[in-house]
1. Which strands (runs of 3 or more DSSP E) does the stretch 683-789 wholly contain that include 1 or more residues that are more than 22 Å from Thr658 (Cβ to Cβ), of a type in the set (A, V, I, L, M) and in contact with a Lys or Arg (Cβ under 9 Å, 6 or more places away or on another chain)?
2. On the given criteria, is Gly950 within 30 Å of Glu541 (Cα to Cα), in a loop (DSSP other than H, G, I, E, B) and within 24 Å of the chain's Cα centre (by Cα)?
3. Among the residues of the stretch 893-934, write down those that are of a type in the set (Gly, Ala, Ser), part of a loop (DSSP other than H, G, I, E, B) and surrounded by fewer than 16 Cβ atoms within 10 Å (Cβ to Cβ).
4. Say we look at the stretch 506-541 and pick out the residues that are among the acidic types (Asp, Glu) and touching a residue at least 40 places away in the same chain (Cβ under 8 Å); which of these is surrounded by the fewest Cβ atoms within 10 Å (Cβ to Cβ)?
5. Of the residues Asn426, Asn388, only one is at positive phi and in a loop (DSSP other than H, G, I, E, B); which?
6. When only residues in the stretch 36-66 that are assigned to a helix (DSSP H, G or I) and touching a Phe, Trp or Tyr at 6+ places or on another chain (Cβ under 8 Å) count, which is surrounded by the most Cβ atoms within 10 Å (Cβ to Cβ)?
7. Given (1) aliphatic (A, V, I, L, M); (2) in contact with a His (Cβ under 9 Å, 6 or more places away or on another chain); (3) more than 30 Å from Gly575 (Cβ to Cβ), where does Ile425 come up short, assuming only one miss?
8. Applying the selection to the stretch 260-318, what residues are under 30 Å from Gly61 (Cβ atoms) and among the acidic types (Asp, Glu)?
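The values are calculated or read from the model by the stated rules, or taken from the named source; none is laboratory data. Since we're looking at a predicted model, the values are computed, not measured. All Cβ positions, glycine included, derive from the backbone under ideal geometry; neighbour counts span all protein chains shown.
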Amino acid sequence: MMEFLLRLICLFSFALRTLAIWQTPNLAFSETPGGLKLGGTGSGPTIVIDSKDWPGVTRAGNDLANDFGLVTGTKGKLATSTSGLTNTPVIIAGTIGKSPLIDNLISTGKLDVSAVKGKWESFTTQVVPNPTDGVASALILAGSDKRGTIFALYDISEQIGVSPWYWWADVPPKRKTAIYALPITKTQGPPSIKYRGIFLNDEQPALTNWVRSAAGFGSYNAAFHAKVFELLLRLRANYFWPTMWASKFYVDDAKNGPLADEMGIVMGTSHTEPLARADKEKVKPWDWKANQAGLKKYMQDGATRAKNWETVWTMGMRGDGDTASPTLDAKQLVDVIAFQQGALKSALGVQDLRGVPQMWCVYKEVGGYYQAGMKVPEDVTILWSDDNSGNIQRLPISSEMSRSGNFGVYYHFDYVGDPRNYKWINSIQLSKTWEQMHLAHQKNATQIWIVNVGDLKPLELPISHFLDMAYDMSKFTSSASTDPWLEAWATREFGAAVSKGTAEAMATYGKLIIRRKYELLNLNFPYSTVNYDEAETVLGEWQALEVKAQKLYDGLDAETQIAFFEMVLHPIMAGRVVVQVYINAARNKAYAAQKRMSTNILADDVKKTYAQDAVIQKRYHSLVNGKWNHMMDQIHFGYNNWQDPASNSMPSVQTIGTTAPSTGIMGVSVQNSAASTPGDAAPTLPSIDPYTPENRTIDIYAKGSGTVDFTITASVPYIKVTPSSGTLTYPSGVSDIRAIITVDWTLAPKDTTTKADITIKPSKGTSATLTLPITNFAVPPSFTGYVESNGAVAIEMHRYTSLNPSSGTSLSIIPNYGRTASGLTLNPLPSSPLTPSTAPRAIYTFYALTTAAAAKVSVYLPPSFNVDPSSPLKYAIAIDDGTPITVTPVPSSTLGSMPGGWSESVINGARIVSSNVGRVEKGEHRLSVWLLEGGTTVQRLVVDLGGVKGSYLGPGESGWVGRGR
């Protein structure tokens, strides 16, 4: 029988796992042996919840009844007893110790709850025959506590095809004609993180405008919060920090506090709002030294007001308006927390605070107090913060592990502050979130995970990912877990037919957006318009991604298209517009210096593309009859400091006159040079060899009005240029033509470096003759690895030759991580710092076509912090059998301050550290990399053999020969 049941589970597990993401399935959608039919076309279950159970459980049961209607067309019914249910499908749900129905099943031996009883937020489900008189069989959902039961009910909702985002992202239900409960016992919980949730912050202007509009709720009232709380519970979250800049949660609507407690949401407040008081309730002056009596009353009143509701109490104090206090020091802060604990004891009527959740957030200047040795009561959870840009600053160290209050993490998907705000649309790379939160979990920061999500609406995808990890990190132990999770998420939201393509699209989106936030694109524009065709290549990646997403969108039904647009197509489309505006504005400037007539064409493109932004915004706001009007109000163009400007503004562009120079209207430029010839000295083309990964190209363009024909000839027969002739016409024709150079390597001189001339001759005007260096060396047939081209070897982390583990840890690849391809990290974490002799080693093989007298290796890392100050991030590199060069990439810093190079690394999405490795001879080499401290992650390696040009991302990945990886 057990073997049969296991086969049954396997039969349905894949399909169902992708509806309730990575949760154990216990339902099927066609008749199965031993299965209990719960509903289908024309029938729905009766959901029995005892009247003595928690009101939040009844509320979730009512939602499940409605969800059956969304999926099958027939709603379920809610009942408080099993009488009269002889011929109807029955689900009995209840909380152990709170539901007489469940307790009776336990006492009579019909229900075994030993696996979940007494545990936090856990549940068990099973089909029980003859649970009560008149009921032949029923699906029993038994929760260990209030939220355990609620999660069990919403777990059924998700499995049958109702996404947690059915309202907030308009995900349509997946229709079913029949639903069966499988004859298995399912046990789930407790969660990996005890308190896990979101912070609605930086909610101006979009969320607040929407809430106050006709499309919203009028204010941050109970009706609004009911929708938020339901979403959180469906996502298996339990913790919430409310909006703070234009609202007062407990005051705006007296129903807010009781509603949270009724529904099962644990309330908190932000790091700057102590003891359940809102920022906008603060007394003046907000100064412990000058107004201690006023602040004590303020805090005591907060504890008294919320004493009957489940709360994680925010402890400590910061300055007014989310700033540092000018008068508070560590000694006074100890006094503040001592008073706050006394206020809690008084309000709650307890002698000690064991079991009373309290949190002190080590945010910004508060870190300095802790660094200076401030002692925090053991029962207070220390909530470490990231740097507001997704890089955790500190995590527990060995001497701190015994704290009864444990630790947590305050993370950001949205932020107002340095280096610039980012609060428009999703700009989160999921694989980086995994890397940081997996590190936090391994370092035992498991009491609280809270993430700032700004307006909520544009961040559906990273919110789901964050909360799924917080609920069950055991499903995310692999460094490769993000992409399968994405595919499961896409299946749940949009269906299996587009799940793989959607996952690929959003993984690519993560790599593109981690390079630089939208708001930072005009800060020292990053992408080179000269070297490696970088700016054009990046734009091409965005355009190709949009084409892919649009094709997926076009294949969906109209109902699903709405959700797909909100969560996938819109961020890609809107993001492409911003990137195209800034890239083509930069190209416009570069082309103007070359006197290209396409300067004017690019100016027009920038204006037209910028106008598309408003069109896309309007499209979003018109969805579902204006349901989301104002949700995209956030300014995102034209930043000139950390704060958003008053309005969007297009970057400046220029136009040039159409009078041709005396040399004629034809101009010529090549890669890796800003020169324009005739006029400037004729540039030399970058060298080409059989392993050059990118095309070698020549741009021929008009430098004035008129028409000119041209031909292209090479001085040797083994060079071909396509096209070999053409016509330039401005303004009414083709103003720019790109010619591609290819070499027949079978005819080119072997084992030598030579040069050839390429002449571009116009029908009128001055010709241009370019020099093309040619290197034609062949690597040995037995070689496998990267091959140098043009003095550089650019290595992506997943193309290793070997990964050699060590005792206790291994090197793992993080797919779709960082700015280009993948990451290399230690997983699991080592128990102590490593040395090259004890650490696992990754070997990357490359072949140098020339000898470099003074080579260097650049290591691209994320903008991470030394989360253990006594054991900073560390790696070592070596060429061949050379002595390993050990590098500590992140400068030491005090908690509450940023390490050297922080701003640049956060802006650029990478910290790049270069090391001199000396002479590298022509031939085969091994580049070894050791990661010596847990949390050290590498994105990319570039070996500079004397040819690396200035660019943002570095050279494109080098050519690879031999067996693929």
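1. Values: elements: 696-702, 706-714, 719-722, 725-730, 736-743, 752-762, 768-776, 785-787.
Strands (runs of 3 or more DSSP E) meeting the threshold: 696-702, 706-714, 736-743, 768-776.
2. Values: within 30 Å of Glu541 (Cα to Cα): yes; in a loop (DSSP other than H, G, I, E, B): yes; within 24 Å of the chain's Cα centre (by Cα): no.
Here the answer is no, as Gly950 does not meet what is asked.
3. Taking the stretch 893-934 as the starting set, the residues that turn out to be of a type in the set (Gly, Ala, Ser) are 893, 896-897, 900-901, 903, 905, 909-910, 914-915, 918, 923, 928, 934.
The next check asks that each one be part of a loop (DSSP other than H, G, I, E, B); those that pass are 893, 896-897, 900-901, 909-910, 934.
Answer for the stretch 893-934, where residues must be of a type in the set (Gly, Ala, Ser), part of a loop (DSSP other than H, G, I, E, B) and surrounded by fewer than 16 Cβ atoms within 10 Å (Cβ to Cβ): Ser897, Gly900.
4. Glu536
5. Numbers: Asn426 fails: at positive phi.
Testing whether each residue is at positive phi and in a loop (DSSP other than H, G, I, E, B) leaves just Asn388.
6. Result: Ala60.
7. (3)
8. Asp261, Glu262, Glu310
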